[in-house]
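I have placed the structure first, in the form of structure tokens, so that the comments after it can refer back to it.
A short reminder: the numbers here are calculations on the coordinates, not readings from a lab. These figures come from a predicted structure and were not determined experimentally. Cβ placement follows ideal geometry from the backbone for every residue including glycine, while neighbour counts extend to all protein chains displayed.
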Amino acid sequence: MTPDKIAVTLGGLAAISFIIWFFWLVKKPGVRATRTSSGYQEVLILVKGGYTPDVIIVEKGRPVRLNFVRTESAACSEMVLLPDFQKSAQLPEGETVAIEFLPDRAGEFEFQCQMGMLRGKIIAE
């Protein structure tokens, strides 16, 4: 094998390793929901090419209100699904849409767009 083929192969392997690490192995710190005077744990989630924040930490047994604001027109972000809580909502562009639920047990619960391309996680402690 010539030196240029070795360099290209090693570069390709490095790029593949970086992609695997970046998309699947990095643990993102979560954002803790703030408790409001009404008793809800609330978080504002920006929907633009993904969910920001995409990891939300809440207390189990206390009601949660996720406020989604969609600032893009991509078809994938038109709807959000929370299958573990049997909740879903249409997300009109530029409007704030609240989804309320009660995490009655500790665990990790996913939320996603209807196509499964945009994903987030709720961690109930």
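Beyond 14 Å, what share of the Cα-Cα pairs of the stretch 72-125 is found? Please give it as a whole percent. Of all Cα-Cα pairs in the stretch 72-125, 54 percent lie more than 14 Å apart. Note on residue 46 and residue 2: the model spin-label points, each 7 Å out from Cα along the C-beta direction, lie 4.8 nm apart. In the chain, helices alone account for a calculated mean residue ellipticity at 222 nm of -5000 deg cm²/dmol, with every DSSP H run of four or more residues adding -39,500 (n - 2.57).
With N counted as the residues of the chain, its alpha-carbon radius of gyration over 2.2 N^0.38 Å works out to 1.35. Here the relative contact order of the chain, from alpha carbon pairs under 8 Å that lie six or more residues apart, stands at 23 percent. Label reach from residue 90 (point 7 Å along Cα→C-beta): in the stretch 36-74, amide nitrogens under 19 Å belong to 47, 67-74. What FRET efficiency do you get for residue 54 and residue 13 if R0 is 25 Å and r is their Cβ-Cβ distance, rounded to the nearest 0.05? E between residue 54 and residue 13, to the nearest 0.05, is 0.30. DSSP bridge analysis restricted to the chain gives an antiparallel fraction near 60%, rounded to the nearest 5. The relative contact order of the stretch 30-73 comes to 45 percent, based on Cα pairs under 8 Å that sit 6 or more residues apart.
For residue 75 and residue 106, a Förster radius of 35 Å and the Cβ-Cβ distance give a FRET efficiency of 0.50, rounded to the nearest 0.05. From the largest down, the stretch 4-55 spans 64, 20, 9 angstrom on the principal axes of its Cα atoms.
The Kirkwood radius of the stretch 40-87, taken over pairs of alpha-carbon atoms, gives through the Stokes-Einstein law at 4 °C and 1.567 mPa s a diffusion coefficient of 109 µm² s⁻¹.
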